[in-house]
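Heads up, the thing below is written out as structure tokens.
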Amino acid sequence: MIGGGGENYVTPQYMLLKHANRHGLIAGATGTGKTVTLQILAEALSAEGVPVFLTDVKGDLGGLAMAGSADADTDAPFKERAQKIGYSDYAYRDCPVTFWDVFGQTGHPVRATITEMGPLLLSRLLELSEPQEGVLNVAFRIADDEGLPLLDLKDLQSLLAWLGEHRTEVSHRYGAVSTASIGAIQRRLLMLENDGAAQFFGEPALELVDLMRIDDEGRGFVNILSSDKLMGSPRLYATVLLWLLSELFETLPEVGDPDKPKLVLFFDEAHLLFDGAPKTLMDKLEQVARLIRSKGVGVYFVTQNPSDVPKDILGQLGNRIQHALRAFTAQDRKALKAAAETYRDNPRLDLETCLREVGTGEAVTSMLEKKGVPGMAERTLICPPRSQLGPIPDETRKSILAASAMAGKYDTAVDRESAFEMLKARADAAAKEAGKTETRLDESDPSDREFSQARRYNGTRVGRSTKARSRSSRSDSVTEAFAKSFARQLGTQSGRAIVRGVLGGLFKGR
């Protein structure tokens, strides 16, 4: 149950569990109730045995781990709203929660390896050109051929450095590799590292099955990714979410249209996924949005305005909950009109007026009905949450983390031997061997050392003649040197002419 609609809000509005994997949109201006809507959807899905993954941007979704309280200030208005919309079985209850955090501070660390990311997605995230993407593919291919595991950023950075040093011999087999492309990739990796990606790439990598757990009561776990700090690095935030989508898409088997989803994801501040994204990345996102439904995965984007989501992806979002939109400028009014036109008309409602006037906790909803037909737009009063509204104390979070089944599995990073260590070992071995050769040359006879190093030397080595010379030409006297030179001249044409001239003069005188 999403809430109550119709006259006096007494008509229940439902989201069919069978169509929950058809994706959705939760939109609305700041302070209109998007977070509470996300919370009640997560509660309902968890209760039906569907695991949930969501990003907690403001830090107030931790309340899902605790039941609401009758002592809270919200108790009376929540119960009044439940009665008004006919929410008869409303009662406070918590959800099984697992906290995650890329930085490992307020949740279990989330990591992925460079190999899992792959050259295609990594190229899209780094916004590489076609030649640069080709070089990155060469690097991954060499890693496979040479048995060099790419686990973290330093593995890829060291492999690129090695590739730059050996680009000539590598180019003969894998194609041309330019230093300019290598340098561009290294600079973009440095930007990603400055955003904190060094903590995201590594081992132990997150196993997807740990996001799809069911507790002993048959409730799906709600996986909360702490994103308040992560939001400070939009590039890293997009990297994490896009990796998760791609990994689910490539790993999970086809299931068609299941009775309920295997997993539902909620991405808050979804505009960060799309702002400034290159077309190739948008094409990848659209492909995932179209096809991941058949894997039993639903994706819900939470943002302020529907226009934040590209049209091709917006068209894939079947379940829609639109909170109030503010129209302070001409552009805002245009966006409001466009949003109203995307809903199935309700003759009882002026949708533009409804979207502008709905209050906090209200929304215009349109859920997929039987056979996936979009439901008629309805002004709906959203259900009150069963769990605590707002953040939980740090002590409570720590106790949940300590009691979690994931405690100890991901908390300590593992830096096993990989490309960085292997390439360093090769370089050290080559340097050591070169040092031994230099030492042997230093200890050898000077003539042998000069001969081995291809330098000019004075030795007694055998030349081309089969007879060894007892003395070098350099040690001959001046007279001997002149005689030898004169003898060589006699064998030449000019030498013979000189001899004839000298002898002719002698005999002519007689």
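The values are calculated or read from the model by the stated rules, or taken from the named source; none is laboratory data. Note that the structure is predicted; figures quoted are calculated from it, not measured. Every residue, glycine as well, gets a Cβ built from its backbone with ideal geometry; the counts of neighbours run over all protein chains shown. These area figures cover heavy atoms from the full protein model, side chains too; ligands, DNA and RNA do not enter into them. Shrake-Rupley method; radii C 1.70, N 1.55, O 1.52, S 1.80 Å.
For every other residue with a beta carbon closer than 10 angstrom to the beta carbon of Ala198, add +1 if it is Lys or Arg and -1 if Asp or Glu, then tell me the sum.
Details: positive: Lys154; negative: Asp152, Glu193, Asp195.
Residues near Ala198 contribute -2 overall.
Among the protein heavy atoms, those of Met367 account for about 20 Å² of accessible surface (1.4 Å probe, every chain in place).
Using heavy atoms of the protein chains and a probe of 1.4 Å, the accessible area assigned to Arg386 is about 50 Å².
Relative to the Cα centre, what is the charge dipole magnitude of the chain, using +1 at the beta carbon of each Lys and Arg, -1 at the beta carbon of each Asp and Glu, and rounding to the nearest 20 debye? Can you show the working numbers first?
Details: 64 positive and 69 negative charges, 849 e Å.
Rounded to the nearest 20 debye, it is 4080 debye.
For Lys334, the lysines whose Cα comes closer than 30 Å to its Cα, not counting residues fewer than 8 places off in the same chain, are Lys34, Lys58, Lys279, Lys284, Lys311. Excluding ligands, DNA and RNA, the accessible surface per residue across the range 320-404 is 52 Å² with a 1.4 Å probe.
Checking every one of the GluC sites (Glu not before Pro) in the range 239-313 against DSSP loop status and a limit of 10 other Cβ atoms within 10 Å picks out Glu254. Taking label points 7 Å from Cα along the Cα-to-Cβ direction, Ala29 and Glu7 give a separation of 3.1 nm. Ordering Phe99, Ala427, Val110 by Cα displacement along the dipole of the chain toward the positive end leaves Ala427 in first place; charges were set at the Cβ atoms of Lys, Arg (+1) and Asp, Glu (-1).
Return a whole-number percent for the relative contact order of the range 131-212, with Cα pairs under 8 Å and 6 or more residues apart as the contact set.
On the way: 49 pairs, mean separation 30.1, N = 82.
After rounding, I find 37 percent.
In terms of accessible area, using a 1.4 Å probe and ignoring ligands and nucleic acids, Glu369, Glu362 rank largest first as Glu369, Glu362. Each principal axis of the range 107-219 carries a Cα extent, and these read 61, 29, 21 Å when sorted largest first.
FRET efficiency for Asp350 and Asp215, Cβ-Cβ distance as r, R0 = 60 Å, nearest 0.05?
Numbers: r = 45 Å, r/R0 = 0.75.
After rounding to 0.05, the efficiency reads 0.85.
With a cut-off of 12 Å between beta carbons, the residues surrounding Glu341 carry a summed charge of +1, where Lys and Arg count +1 and Asp and Glu -1. In the range 161-213, the ratio of gyration radius to Kirkwood radius, Rg to Rh, stands at 1.20 when only Cα atoms are counted. Computed packing ranks the peptides 60-70, 293-303 as 293-303, 60-70, most packed first, by mean other Cβ atoms within 10 Å.
Here the range 166-289 was treated as a single set of alpha-carbon atoms; its pair distances binned every 10 Å from 0 give 9, 30, 33, 18, 8, 2, 0 percent. Beta bridges assigned by DSSP with both partners in the chain are antiparallel in approximately 35 percent of cases. Sorting His108, His166 by solvent-accessible area of protein heavy atoms yields His166, His108, largest first, with a 1.4 Å probe. For Ile2, the accessible area of its heavy atoms, probed at 1.4 Å with every protein chain present, is near 10 square angstrom.
Protein heavy-atom surface of the chain, 1.4 angstrom probe: 51% of the accessible area is carbon and sulfur, with nucleic acids and ligands not counted. Note on the chain: dipole from Cβ charges, positive end direction compared against Leu16, Ser233, Ala82; the farthest Cα belongs to Ser233.
Can you give the local net charge around Pro391? Use residues other than it whose beta-carbon is closer than 13 angstrom to its beta-carbon, Lys and Arg +1, Asp and Glu -1. List each step's numbers first, then the result.
Values: positive: Lys58, Arg397; negative: Asp56, Asp60, Asp228, Asp394, Glu395.
Neighbourhood net charge equals -3.
Taking the empirical scaling 2.2 N^0.38 Å for compact globular proteins as reference, the chain has a Cα radius of gyration ratio of 1.60.
Tell me the Kirkwood radius of the range 283-353: reciprocal of the mean inverse pair distance over distinct alpha-carbon atoms, in Å.
On the way: mean 1/r = 0.0728 Å⁻¹.
It is 13.7 Å.
If the chain linking Asp71 and Lys334 were pulled fully straight, counting 0.36 nm for each residue of separation and taking away their Cα-Cα distance, it would gain 90.3 nm.
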